[in-house]
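Before any comments, here is the structure.
The values are calculated or read from the model by the stated rules, or taken from the named source; none is laboratory data. What you are looking at is a predicted structure, and each value in this text was computed from that prediction instead of being measured. Note that we place each Cβ from the backbone using ideal geometry, even for glycine, and neighbour counts take in every protein chain shown.
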Amino acid sequence: MSVDGVLSRFSRGERWVHRATGILMGLCLLTAAVLYIGPLSILVGRRPLIRTIHVYAGLALPVPALLGLGSAAFRADLRRLNRFLPSDWAWLRDRQRRSGRIAVGKFNAGQKLNASFIAGAMLVMLGTGLIMRYGAGGPLSLRTGATLVHDWLAYAVAAMVIGHLWFAARDPIARDGMRTGDVPASWALREHGAWARAEAADQPRTVNPRNSAE
Amino acid sequence: MEELGKPIGRRIVLGMLGLGVVGVVTGRDLADLEQRLLAPLQVRDPTGLTQLLPDGGGFRYYSVTSRIPTRTAVTYRLRVGGLVERPETFTLSDLHRLPQTALTRDFQCVTGWRVRNVAWSGVALADLLEQVGVRPGARAVQFTSFDGTYTESLTLEQARRRDVLVATRMLGKPVTREHGGPVRLYVAPMYGYKSLKWLGGIEVTDAVRPGYWEHRGYDVDAWVGRSNGQRDAPTA
């Protein structure tokens, strides 16, 4: 198949939400590393300052996504991320899922899992973080529990973020899509076939499928 | 909306929230279990990788100060003064020449974590006080940290217990900087905050002066299991 043109993938608002969330998440993870990993703690010092940055970055972390709820495009993408179609399960099971032979929607199942995990993790980290930071008057056992959950989930979040960066590093076109908002239709057909075809019908001026037969 | 299908994303978010709540509520027991499972690994871990786990090595690094001055075996000094006959400044090798006391006890933090069977050694505080001679009228001992912030206090009676050490070794190695080295206090029967890190000064006084944490609401007599509203098993 060959396709000309570009498809609009992310609105300006969505890209802003992604960038702001990414920066805040980076701040949270870097300061967490300094707070948690003994040798780094000693090397960097300045614990009160690092802790303050960590707390405020964490409190701010959900804000971009909350603001994003004001954008119809962002809400539409949240709905897409939430729903698992039969093709998503098939894609997850397929050993050659990267070949594009299973046409998935705007987000593949891995992206959906990642987004859901990060959304849930943000809420749990926010709750446990609030207990750790402001729960000094509460029962000590709750603080111990909150600390344990916050610790272990932090490692899981770090693993997911590293995975996210890994996939992004391997796909410059996807990165361009997040930077500029547009992706080549050929890339979209390969990576998100079902979405590309639906969009091609909606965005006829930008896409010109010369020979879309597979 | 053209996309239907099951709301798996929402289920993941709600499931994580549920697990989070369970983790917070049962955390104390989970932390204890984690500690018991990991402790044997950490003791035999030559790579130090378990130090990178949450709670790795059992101890959490904690300090409120911005920077901890480095004291090496050469530059370290411990000033002992106040109500004593012979005020004296000890180097690390001075401390090594005094009678040594070794003991192995659990280390319990007031926030819940506990490290089992930690080997400590150094000079029993009682022996050090003997060395400088306590003057009549002395009732308490105050400790200051060379980080410039932390202070702690014990009654003279508590300070003379045989399980209160001016510790120079921990876990079979010199006390690391992270753990309060080269010299820290170790008060076996009390919560961890009494075991002042980066020990720089000892002053014998006529009354207990509440320390850093005690000004922030923690008990002065910090017996494990009998203070701070906690019911942990005693460590000594």
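Computed values, structure above
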item	result
Count of residues meeting criterion [in a loop (DSSP other than H, G, I, E, B) and in contact with a Cys (Cβ under 9 Å, 6 or more places away or on another chain)] in the range A:40-64	1
Only one of A:Leu35, A:Leu81, A:Leu24 that is crowded, with 16+ Cβ neighbours inside 10 Å, within 14 Å of chain B (Cβ to nearest Cβ), assigned to a helix (DSSP H, G or I) and modelled with pLDDT of 90 or more	A:Leu81
Positions within the range B:89-141 being in a loop (DSSP other than H, G, I, E, B) and closer than 17 Å to B:Gly200 by Cα, in sequence order	B:Thr91
B:Val183, sole failed condition from (1) more than 23 Å from B:Val74 (Cα to Cα); (2) buried (at least 24 other Cβ atoms within 10 Å of the Cβ); (3) of a type outside the set (Asp, Glu)	(1)
Every pair of residues 6+ apart whose Cβ atoms lie under 9 Å, when the first sits in the range B:174-192 and is without any contact (Cβ under 8 Å) to a residue 24 or more places away in the chain and farther than 16 Å from A:Gly45 by Cβ while the second is in a loop (DSSP other than H, G, I, E, B) and among the aromatic types (Phe, Trp, Tyr)	B:Arg184/B:Trp198
Matching residues, the range A:53-73, being in contact with a Leu (Cβ under 9 Å, 6 or more places away or on another chain) and surrounded by 16 or more Cβ atoms within 10 Å (Cβ to Cβ)	A:Ile53, A:His54, A:Ala57, A:Gly58, A:Leu61, A:Pro62, A:Pro64, A:Ala65, A:Gly68
Test: residue in the range B:14-29 that is more than 7 Å from every other protein chain (Cβ to nearest Cβ) and at pLDDT below 90	yes
Residue list for the range A:98-116, restricted to those being closer than 17 Å to A:Ala196 by Cα, assigned to a helix (DSSP H, G or I) and free of Cβ contacts under 8 Å to residues at least 24 places away in the same chain	A:Arg98, A:Ser99
Test for A:Gly100: is it more than 9 Å from chain B (Cβ to nearest Cβ), surrounded by fewer than 19 Cβ atoms within 10 Å (Cβ to Cβ), more than 14 Å from the chain's Cα centre (by Cα) and of a type in the set (Gly, Ala, Ser)	yes
Number of positions in the range A:117-157 that are part of a helix (DSSP H, G or I), out of contact with any helix residue (DSSP H, G or I) (no Cβ under 7 Å at 6 or more places or on another chain) and not hydrophobic (A, V, I, L, M, F, W, C)	3
Pair list, Cβ < 6 Å and 6+ apart or interchain, from the range A:17-45 residues that are more than 15 Å from A:Ala57 (Cα to Cα) to residues that are crowded, with 17+ Cβ neighbours inside 10 Å and among the hydroxyl-bearing types (Ser, Thr, Tyr)	A:Gly38/B:Tyr61; A:Ser41/B:Tyr61
Search result, residues across the range B:200-226 that are on the phi < 0 side of the Ramachandran plot, surrounded by fewer than 16 Cβ atoms within 10 Å (Cβ to Cβ), within 14 Å of chain A (Cβ to nearest Cβ) and part of a loop (DSSP other than H, G, I, E, B)	none
